[in-house]
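These notes are about the structure you will find just below.
The values are calculated or read from the model by the stated rules, or taken from the named source; none is laboratory data. In this text, all values refer to a predicted model and were calculated from it rather than measured experimentally. Cβ coordinates were reconstructed from backbone atoms using ideal geometry, including for glycine residues, and neighbour counts include every protein chain displayed.
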Amino acid sequence: MKRILFLSLLVPSFLFAQHTIKGNFYPAKDYNLALLYKVTPTVSTYIANSEIKKDGSFQFNLDSTNKKGIYRLVYAIPQEDYNFDIIYNGKEDIELSFNSETGVKFKTSIENKLLASYTNSMSMVSQSLANYYSQKIKDTMALKAIFKTQRETQLNFEKAAKETIALQFIKANKSYTPKKPEDVKLYTENLKNHYFDNIDFNNQTLQSSSFLEEKILSYVFGMTTDSHDDIKNYKKNIDVICSKIKGVPQKVKRILLLDLWQQMVDLEIEPVANYIAETFLMDIAVSLNDQELLNALIVYSETSIGSKAPDFSFEVKKDNITSTKKLSELNISENYIILFWSSTCSHCLDEVPQLNTFLNSFEKGFVKVIAIALEDEPKGWQNIKKNYPKFIHVYGKGKWDNEIGDAYGVIATPTYFILNKDKEIIAKPVNFEALKPFFKAD
């Protein structure tokens, strides 16, 4: 009976045995909360959250229900920008430290330390190659030595990582290594041609991490040609990537290409963002019946620089007579500013008076403001708009659920669009200060 009782006490302890993910954030005052997710190729499942204490420490307790794989720790908003991946093998505790300038450093965890060490070692080899070629050194023995180090480093880490999750990343990251010295032109060409040789885009572990997105971005922006046409280079590189991911499930393709599209949007490289959308991503959205994504891609394209501004109707009052006009029908100015604002937006209440004063210095007929107020109710707007009698005022009923705002993809106020006399979008300044140079005399 004693033995049975002992075993009955031991079983729950075994079933609920825990591992931990813990560490410190520096400087502690910059962080409040950490969120942990289990990541699969298409879904991130919330696991837990941990308060980041005054000393920067945090801790997650994992039990037997937490399966091995890739986990993502989020430490700020927006979540897609402020996070890092962690390998959890279900066998060990993980301790780390994080600094916004130097990134994550693992103190314990064989898997994560091994991968970090590999990444650092291969980075040093790459730096040696860059130094060799940039200095135009003619000593081929030195180059042979670097390539030998690269081969041996790769092989040693693959052996050390045997039977670990980290091995999948180490093998996928294996770089092109020539058997004999190559000049910089040939080496660069071969490096690009063999860039994806060891990457299996259908590997679910790689799909669950940020690895594939990072490799794709490095290829698009890093593997340039002799041509100085960046747009052309980016498009060619994207074509190569799409040929490599042809057999990947549509949901995974969506994630990879949407990430690339968003990068181009953030960098304001509109021609390439629209190329990704129109050539690849829209078809994927249609196949997945993803109407939200499809609409976002269309709106972005239709509000890109050079596009005709989406048309809309509004009421104008003259001599106590109200009539309906369309943006496309206006012929009263050389330039137009479409301003999305709100009477409850503090930034708007700061910038709109400055805009009004600035534009009063120009002659009549040079620029006209169409001010679309995104409002929940009209009372505040009706009082404030009286301060700007030269604006064409449009009431944007529904605020964030407004037809005109939706057509222009507005997600914040104030938002500006500058149009020429033909109602083509010529600029999208991020604020009033960025708008001013478009109307200053040469």
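Selection of first residues in the range 408-420 that are on the phi < 0 side of the Ramachandran plot and polar (S, T, N, Q) and of second residues that are at pLDDT 95 or above and assigned to a strand (DSSP E or B), restricted to Cβ pairs under 6 Å at least 6 apart or on distinct chains, gives the following pairs, ordered by first then second residue: THR413/PHE340; THR413/TRP341; THR415/PHE340; ASN420/ILE426. Within the range 242-260, the residues that satisfy the criterion of being touching a residue at least 40 places away in the same chain (Cβ under 8 Å) and within 23 Å of ASP81 (Cα to Cα) are LYS251, VAL252, ILE255, LEU256, ASP259, LEU260.
Rundown of residues vs (1) surrounded by 18 or more Cβ atoms within 10 Å (Cβ to Cβ); (2) outside the structural domain of GLN354 (by TED's automatic domain parsing); (3) among the small types (Gly, Ala, Ser); (4) touching a His at 6+ places or on another chain (Cβ under 7 Å), yes/no style:
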site: ALA277; (1), (2), (3), (4): yes, yes, yes, no
site: LEU297; (1), (2), (3), (4): yes, yes, no, no
site: THR322; (1), (2), (3), (4): no, no, no, no
site: ASN331; (1), (2), (3), (4): no, no, no, no
site: ILE338; (1), (2), (3), (4): yes, no, no, no
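Examine the range 302-314 for a residue that is touching a residue at least 40 places away in the same chain (Cβ under 8 Å), surrounded by 13 or more Cβ atoms within 10 Å (Cβ to Cβ) and assigned to a strand (DSSP E or B), and state whether such a residue exists. Within the range 302-314 (the criterion being touching a residue at least 40 places away in the same chain (Cβ under 8 Å), surrounded by 13 or more Cβ atoms within 10 Å (Cβ to Cβ) and assigned to a strand (DSSP E or B)), the answer is yes, since at least one residue qualifies. The set of residues in the range 395-434 that are within 18 Å of GLY365 (Cα to Cα) and touching a helix residue (DSSP H, G or I) at 6+ places or on another chain (Cβ under 7 Å) comprises ILE418, LYS423. Only a single criterion out of (1) closer than 19 Å to LYS385 by Cβ; (2) without any contact (Cβ under 8 Å) to a residue 40 or more places away in the chain is not satisfied by GLY365, namely (1).
Picking from ASN198, ASN193, ASN202, which residue would you name as being on the phi < 0 side of the Ramachandran plot and either in contact with a Lys or Arg (Cβ under 9 Å, 6 or more places away or on another chain) or assigned by TED's automatic domain parsing to the domain that holds ILE86 (or both)? Even if it seems obvious, please write down each step before you answer.
Details: ASN193 fails: either in contact with a Lys or Arg (Cβ under 9 Å, 6 or more places away or on another chain) or assigned by TED's automatic domain parsing to the domain that holds ILE86 (or both); ASN202 fails: either in contact with a Lys or Arg (Cβ under 9 Å, 6 or more places away or on another chain) or assigned by TED's automatic domain parsing to the domain that holds ILE86 (or both).
ASN198 is the lone residue from the list that is on the phi < 0 side of the Ramachandran plot and either in contact with a Lys or Arg (Cβ under 9 Å, 6 or more places away or on another chain) or assigned by TED's automatic domain parsing to the domain that holds ILE86 (or both).
Across the range 241-270, the number of residues qualifying as more than 26 Å from VAL43 (Cα to Cα) and either among the hydrophobic types (A, V, I, L, M, F, W, C) or surrounded by 15 or more Cβ atoms within 10 Å (Cβ to Cβ) (or both) comes to 3. For LEU217, are the conditions met, namely being out of contact with any strand residue (DSSP E or B) (no Cβ under 9 Å at 6 or more places or on another chain), free of Cβ contacts under 8 Å to residues at least 12 places away in the same chain and closer than 24 Å to ASN112 by Cα? No. For ASP290, the criteria (1) assigned by TED's automatic domain parsing to the domain that holds LYS423; (2) out of contact with any Ser or Thr (no Cβ under 6 Å at 6 or more places or on another chain) hold in every case but one, which is (1).
The sole residue among GLY405, GLY398 that is under 19 Å from GLU351 (Cβ atoms) and of a type outside the set (Ser, Thr, Tyr) is GLY405. Inside the range 36-57, residues that are under 24 Å from VAL248 (Cα atoms), free of Cβ contacts under 8 Å to residues at least 40 places away in the same chain and not in a strand (DSSP E or B) make up a count of 1.
Among the residues of the range 317-358, those that are among the hydroxyl-bearing types (Ser, Thr, Tyr), more than 36 Å from the chain's Cα centre (by Cα) and over 24 Å from ILE305 (Cα atoms) comprise THR322, SER323, THR324, THR357.
Residues in the range 359-394 that are within 33 Å of the chain's Cα centre (by Cα) and either under 20 Å from SER328 (Cα atoms) or polar (S, T, N, Q) (or both): VAL369, ILE370, ALA371, ILE372, ALA373. Residues of the range 184-197 being exposed (fewer than 14 other Cβ atoms within 10 Å of the Cβ) and either of a type in the set (S, T, N, Q) or part of a loop (DSSP other than H, G, I, E, B) (or both), which ones? Across the range 184-197, the qualifying residues are ASN193, ASP197. Looking only at residues of the range 175-208 that are touching an Asp or Glu at 6+ places or on another chain (Cβ under 8 Å) and not hydrophobic (A, V, I, L, M, F, W, C), we find that the one that is farthest from LEU129 (Cα to Cα) is ASN190. None of LYS91, LYS105, LYS113 is touching a strand residue (DSSP E or B) at 6+ places or on another chain (Cβ under 9 Å) and touching a residue at least 12 places away in the same chain (Cβ under 8 Å) except LYS91.
For (1) crowded, with 17+ Cβ neighbours inside 10 Å; (2) within 30 Å of the chain's Cα centre (by Cα); (3) over 22 Å from ASP197 (Cα atoms), each residue gets a yes or a no:
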position: PHE84; (1), (2), (3): no, yes, yes
position: MET141; (1), (2), (3): no, no, yes
position: LYS148; (1), (2), (3): no, no, no
position: GLU163; (1), (2), (3): no, no, no
position: PHE169; (1), (2), (3): yes, yes, no
position: PRO178; (1), (2), (3): no, no, no
position: GLU182; (1), (2), (3): yes, no, no
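Every test in (1) closer than 25 Å to GLN250 by Cα; (2) in contact with a Lys or Arg (Cβ under 7 Å, 6 or more places away or on another chain) is passed by PRO181 save one, and that test is (1).
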